[in-house]
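Please read the structure below before turning to the comments.
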Amino acid sequence: VKKTDSKEYYCKAEKYLKICLQRAIRLERINYSEYLTYVSNAHHNLGFLYGSHDYNKALSHYREALSLRRKLFEATQNPRYERDIAETLVNTCWVYIYVISDAMKDKPSGAISLPENPVSIASEALCIHKKYLTKGVLGLETNYYTALLLNGYLNLLLSYTSIPANSEYGMKC
């Protein structure tokens, strides 16, 4: 996609994902887990869509997807849904990396405000991926090492800010 065309594609993708959410509300003949999967996937994909340019929208959609995916896992205890939780956590971490990086460009002093602790998000993703890590299975190993990388990278980025390790998130740091 050419840069000049990207806005058009974002608009189309946003339109279709919002249609998915609207239609999900009217779904009557599917079971609860199918409904939660459908809606959480739409929110997750909207989070991904906004992830590199509208951080607040991205985080909002990821929070909604995470909430729904947690409900789904609690109801079913299916490992697939727990790995979906980890996927949303990892994507949320990437958004925080963008947020922190942009804040460091704008505020060289390193003073930034974050609504939640991105390191704990990365740590939770790492714990989930570690639980399902199977040596020699490429996808599972890749997920684990990605979460491990995010954990280290977020710790490194935050070490350049004025946020202490035990900071209260949701407050200006």
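The values are calculated or read from the model by the stated rules, or taken from the named source; none is laboratory data. A quick note: this is a predicted structure, and the numbers were derived from the prediction, not measured. In this analysis, Cβ positions are derived from the backbone assuming ideal geometry, glycine residues included, and neighbour counts consider all displayed protein chains. What goes into the accessible areas is simple: the full protein's heavy atoms, side chains included, and nothing from ligands, DNA or RNA. Shrake-Rupley method; radii C 1.70, N 1.55, O 1.52, S 1.80 Å.
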Along the stretch 123-128, what does the Karplus equation 6.51 cos²θ - 1.76 cosθ + 1.60 (θ = phi - 60°) give for ³J(HN,Hα), rounded to whole Hz, x for Gly and Pro? 5, 5, 4, 4, 4, 5
With charges only on Cβ, +1 for K and R and -1 for D and E, what is the dipole size of the stretch 65-118 about its Cα centre, in debye, rounded to 20? 80 debye
Quick one: order Cys93, Cys127, Cys11 from most to least accessible surface, probe 1.4 Å. Cys127, Cys11, Cys93
Based on the Cβ-Cβ distance from Asp54 to Arg80, what FRET efficiency comes out when R0 is 30 Å, to the nearest 0.05? 0.55
Once all Cα-Cα distances of the stretch 30-85 are split into 5 Å bins that start at 0, what whole-number percent is in each one? 4, 24, 28, 21, 13, 7, 3
Place the peptides 77-83, 149-155 in order of packing, highest mean first, counting for every residue the other Cβ atoms within 10 Å and averaging per peptide. 149-155, 77-83
For the stretch 43-57 versus the stretch 64-86, the gap between their alpha-carbon centres in whole angstrom: 19 Å
With x for Gly and Pro, the residue-by-residue ³J(HN,Hα) of the stretch 10-20, computed from phi through the Karplus equation 6.51 cos²θ - 1.76 cosθ + 1.60 at θ = phi - 60° and given in whole Hz, is 4, 4, 5, 4, 4, 4, 5, 5, 5, 4, 4
Any idea how far apart Arg23 and Tyr132 come out in nm if each label point goes 7 Å out from Cα toward Cβ? 2.6 nm
How much accessible area per residue does the stretch 46-99 have, in Å², with a 1.4 Å probe? 44 Å²
Of all the accessible heavy-atom surface of the stretch 16-81, with the other protein chains kept in place and a 1.4 Å probe, what percent is carbon and sulfur? 51 percent
Around Ile112, which amide H atoms from residues at least 5 apart in sequence, or from another chain, sit under 5 Å from its own amide H, with H modelled in the peptide plane? Ser162, Cys173
Can you list the HN-Hα couplings for the stretch 52-63, worked out from phi with the Karplus curve (6.51, -1.76, 1.60; θ = phi - 60°), rounded to whole Hz and with x for Gly and Pro? 9, 9, 10, 4, 5, 5, 4, 5, 4, 5, 5, 4
